[in-house]
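The values are calculated or read from the model by the stated rules, or taken from the named source; none is laboratory data. Everything quoted here is computed from the prediction, not taken from an experiment. All Cβ positions, even for glycine, are placed from backbone atoms using ideal geometry, and neighbour counts span all protein chains on display.
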Amino acid sequence: MNAVLFDMFGVVAMDQSPTVRATMVEYSGHGHDAFWAAYWAPRQDYDRGDLDGPSYWKTVGGLLGEPFGPEQVERFISLDLDSWSRVNGDSVALVSELAEAGVPLGLLSNIPSELAARFEEHHARVLDLFPTLGFSCRIRHAKPEAGAYEWCLERMGVPAGDVLFVDDKRANVEAAERLGLQGHVFTSAPELRRALGRG
């Protein structure tokens, strides 16, 4: 392993805030399962940049059988951004160590344009640790699509077999491994640190 390609959410950044998730469900007026099924159904298209925020939330509302109005859409966009906006301090510390040691780093994230802009505004120092930034909304490929990994590999300039891909979703790791990358399913920063020999 000569380089590391990181996932963002669930690894470098935290998964959705449980508190904000509950607020979103309550605001929708629908049941938990119905809301999240509608939320995730078009998410790949949103992450890939095929839909913008308003179009995505209109699609979610349509799937729920109750199209959201402009004020609702605006509120959902705001809540959604808030739910994904926390970083994992332990992971960031590890990434910083790797960067200082000269390890080639990349970030590959399924992330819509509004959220990418939020992270650039509030967490620029974290993003600056990654010379290669593969935001799905900008590269127009979202994991586990092969094009997402290939885009990063080309820009990192490192053979696939020399890159460790770190993601909290096994399906994304397996997709990377099929392309020849090494894979690590993330469970915690201390566990990853041990896997990298930095424990």
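If you check 109, 113 for being assigned by TED's automatic domain parsing to the domain that holds residue 166, crowded, with 19+ Cβ neighbours inside 10 Å and either out of contact with any Ser or Thr (no Cβ under 6 Å at 6 or more places or on another chain) or among the hydrophobic types (A, V, I, L, M, F, W, C) (or both), only one passes: 109.
Output the residues belonging to segment 36-54 that are surrounded by 14 or more Cβ atoms within 10 Å (Cβ to Cβ), out of contact with any Leu (no Cβ under 7 Å at 6 or more places or on another chain) and of a type outside the set (A, V, I, L, M).
The answer is 36, 39, 43, 44, 46, 47, 48, 49, 50, 52, 53, 54.
So which residues in segment 7-37 are in a loop (DSSP other than H, G, I, E, B), farther than 18 Å from residue 107 by Cα and touching a residue at least 40 places away in the same chain (Cβ under 8 Å)? Result: 16, 17. In segment 113-125 there is at least one residue matching the filter, namely being assigned to a helix (DSSP H, G or I), hydroxyl-bearing (Ser, Thr, Tyr) and in contact (Cβ under 8 Å) with a residue 60 or more places away in the chain.
Contact map, segment 152-173: residues that are closer than 18 Å to residue 195 by Cα paired with residues that are assigned to a helix (DSSP H, G or I) and of a type in the set (D, E, K, R), Cβ distance under 9 Å, separation 6+ or inter-chain. Pairs shown: 165/177. Taken over segment 64-79, the residue count meeting the criterion of being part of a helix (DSSP H, G or I) and within 25 Å of the chain's Cα centre (by Cα) is 8.
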